[in-house]
Each structure stands twice: as C-alpha cells, then as structure tokens.
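The values are calculated or read from the model by the stated rules, or taken from the named source; none is laboratory data. Just so we're clear, the structure is a prediction, and the values are computed from it rather than from any experiment. Here the Cβ positions follow ideal geometry from the backbone for every residue, glycine too, while neighbour counts run over all protein chains shown. The accessibility values were calculated without ligands, DNA or RNA, using every heavy atom of the protein model including side chains. Shrake-Rupley method; radii C 1.70, N 1.55, O 1.52, S 1.80 Å.
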Amino acid sequence: MWRGCRQLLWGRSPLARFPRPPPAAAGRGPVGSGGGRAYAPPAERKRFYQNVSISQGEGGFEINLDHRKLKTPQAKLFTVPSEALAIAVATEWDSQKDTIKFYTMHLTTLCNTALDNPTQRNKTQLIRAAVKFLETDTICYRVEEPPALAELQKNEWDPVVTWAEKRYNVAIGSSTSILGPNIPASTKETFVSHLASYNMWALQGIEYVITQLKSLILSMGLIDRHITVEKAVLLSRLEEEYQIQRWGNVEWAHDYDLCELRARAAAGTLFVHLCSESSTVKHKLLQD
C-alpha cells in the first residue's frame, strides 16, 4: 500500500488553485445502538479536488484536499491519531474518480464518528454496548431443524466459540432456545475488562465490526487475527449461505451484499489496528 500512497505524503502533490465548495463528510444516519444517531455517509457528489496529501498538526495528522483541510460534519478539523490511519483515509479520498462515492469510504466515516461522537457516549457506554451483543450473538443461537443446518452450525461455529472460551478463559456456550444462551455475568465482565484496554477510537471500530457481523465473538476473532475477514463474514451469514446453496440466489445481489459486508468488516478491523498502533510510520517503509 505504501508505494501507492507516496504521493499523498507531506504535501508533495502540487496545490491546485481553483475555487471549490467546502469538503463534504459523512452525514447523519440511522439510530445507533447507543440510542443516539450514528454517522452514515451521504450518497454521491462530484469530485471537487485534484490532489490529496497529509500533514502533521498539533492535534495529529490532517488530510488536505488541494489547499483546504478536511473537516468533520460538525465542522471540526479532521485529525487522526496515527500517520498510518491518515495515509489510509487519504487513499480513500484519492481513489475517488469523477464522482465521490461516500458510501465506499468506511474509514473516513469511522473517523468522523470518532471525532464528533454523535451519540455522545463515553468509553464505559461504548464497552457496555459492545458486550451487550453477547446476549444476541449470532453464533450462540442454534437451530434443531433442519438437521443439515444444525450440523453445519455445530461444525463451523463451535470451533470459534471454543477458541473464545480458551482465549478469554470464559464460559459462553450456545442454545437452541429462542431466549438464547445464559451468558454468565463473569463472562461479560471479562469482556468488559478486555475491551477497556482499547482506546476510544479503537472501540468505535470494534462496535462497527460487531454491528456488521452481529457477533462479538466473531468480531474479536477477526480483530485478534484468529480468523480472516472472508471467514468471519461467511460464518456470520451461515444460515443465509445454507439457504442459497439449497434454493439458489438472486443474480448479482448476493455477490454485491457479500462484497459490501467484507469491505465494511475489513475497514472496521483495519481501523481498530491503525488506532491501536504507533502514531508514526517509519519513513523507510515509504521509500522505493
């Protein structure tokens, strides 16, 4: 990725000298899990800039669209904590063609959410919201019929549950009851303690991944690099994939949904890692 981003660094691209409207960012979206409104990107607009670069300011790393700095929906300066994340966001903006497709810019949307905090939640509230997903975790709910699907769930989901139980030294289990499994309070508190080790930015990314996969367990397996994005998405859609194999799918729609989910899960995971690592990329990595 670094070679493709070299021209984005430190204002190396020449400045364009033409008027343009203020940079647009993510707008308001549907109600989020915390009860407030989470950011969701608007549809599209014509590209209004030529060059993208990053620069370091007092509060972190900034994104420059020609000669103007990117702003959040609340008009705050768009500043990210690490150079690597700035490069990734700048790449999103630089890769847009004649039309800016905001719905493809997941990292930008996540940064806007972290900066503006539209749901006005603190760290404790973010953690509690993430852990609450355990109560309705996709891979903890099992079926009894048809037997083929029940066996598929056991074979594919049980190894991930077992990994999580060993990794975090907790009891999770599964259930065929509509009420779901009875998750012990000690298990929830263990996850609360683990998530508390992440900063606010990373927690925004973790919650984003969880909402995509509808599973805290799959999300932590993905973030901990136990499973791949492709595997995590497949496991989150196991029943749907089973039905597709049996009855067929709607042409093109299935592939589109699958690719979109993979893109969102991958972006959220990358966001978590880039918000949790060193703030500065070694410049020798950016050289030819």
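Using amide H atoms built in the peptide plane, which far-off residues or other-chain residues are under 5 Å from K71 H to H?
Amide H neighbours of K71: F78.
Leaving ligands, DNA and RNA out of it, report the carbon-plus-sulfur percent of the accessible area of the stretch 101-227 at a 1.4 Å probe. Please list the in-between numbers first.
Values: 2890 of 5530 Å².
Here carbon and sulfur together make up 52 percent of the probe-accessible area.
Give K154/K188; K46/K101; K76/K101 a once-over and call out the pairs whose C-alpha atoms are over 18 Å from each other.
Numbers: K154/K188 23 Å; K46/K101 9 Å; K76/K101 21 Å.
The answer is K154/K188; K76/K101.
I'd like the Karplus ³J(HN,Hα) series for the stretch 182-196: coefficients 6.51, -1.76, 1.60, θ = phi - 60°, whole numbers in Hz, and an x wherever there's a Gly or Pro.
Taking θ as phi minus 60°, the curve returns 8, 7, x, 4, 5, 5, 4, 5, 5, 5, 4, 5, 5, 5, 5 Hz for the stretch 182-196.
Could you pull the accessible area for V229 with a 1.4 Å probe, rounded to 10 Å²?
Probe radius 1.4 Å; accessible area of V229 about 30 Å².
Want the number for H273 to S193: 0.36 nm per residue separation, take away the alpha-carbon distance, what's left?
On the way: separation 80, 0.36 × 80 = 28.80 nm, distance 1.85 nm.
Computed gain between H273 and S193 is 27.0 nm.
Around R45, which amide H atoms from residues at least 5 apart in sequence, or from another chain, sit under 5 Å from its own amide H, with H modelled in the peptide plane?
It is I100, F102, by chain and number.
Bins of 5 Å, beginning at zero and ending with the bin holding the largest distance: percent of Cα pairs per bin for the stretch 120-161, please.
Pair shares across the bins are 5, 20, 20, 16, 12, 10, 8, 6, 3, 0.
At a 10 angstrom cut-off on C-beta neighbours, averaged per residue, how do the peptides 206-217, 88-99, 60-71 rank from highest to lowest? Provide the component values of the computation, followed by the final result.
On the way: 206-217: 24.7, 88-99: 16.9, 60-71: 19.6.
Highest to lowest by the protection proxy: 206-217, 60-71, 88-99.
Please work out the Cα center distance from the stretch 227-251 to the stretch 152-205, rounded to the nearest Å.
What the calculation gives is 22 Å, centre to centre.
Considering only protein heavy atoms, what per residue accessible area in square angstrom results for the stretch 67-158 with a 1.4 angstrom probe? Could the numbers behind the result be given before it?
Numbers: 3940 Å² over 92 residues.
It amounts to 43 Å² per residue over the stretch 67-158.
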